[in-house]
Ligand code: TYD
């Protein structure tokens with residue numbers, strides 16, 4: 001683990017590969033805080049029953065780090081670090097997208113029955129959200 005990530009690197013994303021134990025009974029994947037993800041896991045939430053034309057996200061976080069997984073189905077996460085944009089398709093339950101602090105994210109193109117699980121470094125705190133894109137750009141560029 002990169003030491004700087006433990007404090008929550010800003011403005012970066014990367015794919016995290018989780019272990020898988022496979023045998024004839026099926027696949028088993030596990031995740032441990034401060035081992036497979038670079039923070040203690042304070043919260044888990046998941047999105048399901050998402051209409052295929054739904055758009056989620058549309059915000060950044062001041063301190064929160066998250067790792068996003070497609071446990072079932074697929075969806076697209078569009079990333080903006082204030083300088084460049086990228087898009088990441090999640091469709092493998094063993095691969096999560098680490099989203100560090102101060103990253104604008106939007107999620108769309110959910111497949112039928114997609115399940116999105118998010119591991120988060122902190123409990124829910126509305127004051128940690130930046131929900132206005134102009135405010136986000138001012139924060140990262142300022
Ligand atoms: P939001 O983070 O905007 O959802 P998304 O990014 O998936 O589009 O949250 C939607 C609503 O749910 C908002 O009213 C806040 C609430 N919420 C909680 O109460 N606790 C949580 O852990 C999360 C993630 C959201």
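Residue-wise test of (1) more than 15 Å from residue 12 (Cα to Cα); (2) out of contact with any helix residue (DSSP H, G or I) (no Cβ under 8 Å at 6 or more places or on another chain).
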| site | (1), (2) |
| --- | --- |
| 68 | no, yes |
| 73 | yes, yes |
| 91 | yes, yes |
| 95 | yes, yes |
| 100 | no, no |
| 105 | no, yes |
| 120 | yes, yes |
| 135 | yes, yes |
| 141 | no, yes |
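Being under 13 Å from the mean Cα position of the chain (by Cα) and more than 10 Å from the ligand (Cβ to nearest atom) is the filter here; which residues of the stretch 49-67 pass it?
Scanning the stretch 49-67 gives 60, 65, 67.
In the set 99, 77, which member is within 30 Å of residue 142 (Cα to Cα), surrounded by 13 or more Cβ atoms within 10 Å (Cβ to Cβ) and free of Cβ contacts under 8 Å to residues at least 40 places away in the same chain?
Sole residue among the options that is within 30 Å of residue 142 (Cα to Cα), surrounded by 13 or more Cβ atoms within 10 Å (Cβ to Cβ) and free of Cβ contacts under 8 Å to residues at least 40 places away in the same chain: 77.
Residue by residue through the stretch 39-74, note down the ones that are buried (at least 19 other Cβ atoms within 10 Å of the Cβ) and in a loop (DSSP other than H, G, I, E, B).
39, 50, 64, 65, listed by residue number.
Quick test for you: out of 129, 46, pick the one residue that is within 15 Å of the ligand (Cβ to nearest atom) and under 23 Å from residue 31 (Cβ atoms).
After applying the criteria, what remains is 46.
Restricting the search to the stretch 86-96, which residues are part of a strand (DSSP E or B) and under 17 Å from residue 56 (Cβ atoms)?
The answer is 87, 88, 89, 90, 96.
Computed from the coordinates by the stated procedures, all read-outs in this text should not be read as laboratory data. Not measured: the values here are computed from a predicted model. Counting neighbours? That spans all protein chains shown, and the Cβs are built from the backbone with ideal geometry, glycine included.
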